[in-house]
């Protein structure tokens, strides 16, 4: 689990992760917010249905794919969290069945 | 610094003197020099703010946090400020997905796409962690050490104490030291730098001593890590990551790692495994353009063939920084300036005499900055065995779940060249377009067929080299009304 290294207060941002309201800070990407909320797995690999999580955090591995406001296969590490944003991870390869 | 217009809807390409891809030290330095001497300059950056990877977060973090990262990081502040105050246009969160010989850059930003044309194109997209596959490396909980450093730099996140850092390279010790500054003591360091490599590096030590600040810094980090009581395992081999199994059915995420050293096989439980086996140039753009590349047997990577100014084999196209060769942040800044100076002379903004007088101190400084490299490259050379003999179950192509065994079968079936293998196994066809598998597949093929990696080659790159939606593409050519 990743935690914040200091308690410097940055502007909080509330967004929805798989329907549940969670909090991050202004400069968090979806990837850092997932890890902060203890979520290590964001999808299953396409062919072997194996759990995957963020690996490179810089946009070159394409592992951190999530659904953002209904748009699939977005790199979580390349998007900042926004107030009211709906983020969904997937539990089965190729399925987007979260509410 | 002017922000480039956000919505890039255009029917013809906007013209620039110089377009720069990437805003790390090389890109920022090139932009500062180009704009200073009157070139109309645009910087296209994949990331959200300037600094590249090395100076990530420097423009928005507080001083207190930045101090934890060490003196080398703070050097970037001056450069980033100079870049922000330059007259170069800066466009962040931009994905370049095509480049051509006429120096058009096609890119996506904010739900739309655009094209710009440049007289000179400077590619400074830098480097990335070397993907070195091992059994279990795709498990959630395993990430690159550089990734963990990004989490620390940009988001002030540290992993739990139940973390192991493993691999070979200065970044390992830097990261563990940075965590100590933040009050986090991790479980262990597992160092894969082999005794043999350390011995072969000795012949480069005399020259490296000329760059003693680098050496002293490395020794200081190691000393403080030992003093903090963090165990360091050396001469490690054969890393595997193992998932927890509930009722022998569920494969969940990382639970423990195993490795071998002189005293036998070790098994260590951990929640996070942060790995680092050096960095390699990001070559998707130069590959796309069809520039000439060389295989560097010391750095174990592909590099675009560039002149001392950074010119590639394509007219008007340069590479500067770690994207040309792994040489670090100081050299990146110098190389950015050199490429800029060359382009400024080509464009007629400066005369040759001025170019030479401005370039000379850069060439000299760059030469000195290179003294440490042969030593570091030899000392931290990645474990050959892991590169050439991965466990058959090891996933080589993460995107398409292709294992070393699958690849061995394809080669057995008679597929010889790397593009045929790509076609039949789908290695390199997933979202990352071969970024994560290109090199390790080349190593595996080379070793299986007993050929040098230079003969095996690399995947043919085709546009788009980055994710592009139809919606974005459609904005390039808005409907014309009669």
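If the chain linking residue B:160 and residue B:181 were pulled fully straight, counting 0.36 nm for each residue of separation and taking away their Cα-Cα distance, it would gain 6.1 nm.
Between helix B:328-346 and chain B there is an angle of about 20 degrees, using the helix long axis and the longest principal axis of the Cα atoms. Subtracting the Cα-Cα distance of residue B:315 and residue B:87 from 0.36 nm times their residue separation leaves 79.5 nm of extension gain. Taking 7 Å steps out from each Cα toward its Cβ at residue B:59 and residue A:80 produces label points 1.1 nm apart. Calculated on the Cα set of chain A, radius of gyration then Dmax: 13.0, 42 Å.
Between the alpha-carbon centres of segment B:364-405 and segment B:236-307 there is a gap of 8 Å. The angle between the Cα long axis of helix B:212-227 and the longest principal axis of the Cα atoms of chain B comes to about 40 degrees, rounded to the nearest 10. Here segment B:383-482 is treated as an ellipsoid with the same Cα gyration tensor; its semi-axes, largest first and in whole Å, are 34, 13, 12.
Equivalent ellipsoid of segment B:64-200: semi-axes from √(5λ) of the C-alpha gyration tensor, largest first, are 35, 21, 17 Å.
Counting only DSSP beta bridges whose two residues both lie in the protein assembly as shown, roughly 60 percent are antiparallel.
The protein assembly as shown: D in µm²/s via Stokes-Einstein (Kirkwood Rh, Cα pairs, 20 °C, 1.002 mPa s)? D = 88 µm²/s. Calculated [222 nm] ellipticity per residue, helices only, for chain B: -10500 deg cm²/dmol; basis is -39500 (n - 2.57) per DSSP H run with n ≥ 4, divided by all residues, nearest 500. Residues B:270, B:253, arranged from fewest to most other Cβ atoms within 10 angstrom of their Cβ, appear as B:253, B:270. Normalised radius of gyration (Cα atoms, divided by 2.2 N^0.38 Å) for chain B: 0.99. Shielding of peptide B:160-167 by partners, expressed as the average count of other chain Cβ atoms within 10 Å per residue Cβ, is 1. Net length available on complete extension from residue B:267 to residue B:102 is 53.9 nm, with 0.36 nm assigned per residue and the Cα-Cα distance removed.
With the gyration tensor restricted to C-alpha atoms of segment B:74-119, the semi-axes of the equivalent ellipsoid amount to 26, 14, 10 Å, longest first. Against the empirical curve 2.2 N^0.38 Å, the C-alpha radius of gyration of segment B:257-300 lands at a ratio of 1.93. With axes computed from alpha carbons, what is the tilt in degrees of helix B:438-448 against the longest principal axis of chain B, rounded to the nearest 10 within 0 to 90? With both axes taken from Cα atoms, the answer is about 50 degrees.
Counting every other Cβ atom within 10 Å of each residue's Cβ, B:102, B:255 order from fewest to most as B:102, B:255.
Take each residue in A:42-55, count the other chain C-beta atoms within 10 Å of its C-beta, and the mean is 6. Plainly put, segment B:367-432 has a radius of gyration that is 1.18 times its Kirkwood radius, both from alpha-carbon atoms, as the Rg/Rh ratio. Annotation for residue A:21 and residue B:198: the two label points, set 7 Å from Cα along the Cα-Cβ direction, are 5.6 nm apart.
Residue exposure proxy: A:2, B:192, ordered by other Cβ atoms within 10 angstrom of their Cβ from fewest to most, comes out as A:2, B:192. The Cα center of segment A:16-63 and the Cα center of segment B:445-467 differ in position by 30 Å. Simple spin-label estimate for residue B:455 and residue B:357 gives 5.3 nm between the two label positions (7 Å along the Cα-to-Cβ direction from each Cα). Taking the centroid of alpha carbons for each part, segment B:74-146 and segment B:19-47 are 12 Å apart.
Computed from the alpha carbon atoms alone, the convex hull of segment B:171-289 holds 193 Å³ per residue.
Just so you know, all these numbers are worked out from the coordinates, no wet-lab data involved. What you see is a predicted model; the values in this text were computed from it and never measured. Using ideal geometry, Cβ is built from the backbone for each residue, glycine included, and neighbour counts are taken over all protein chains shown.
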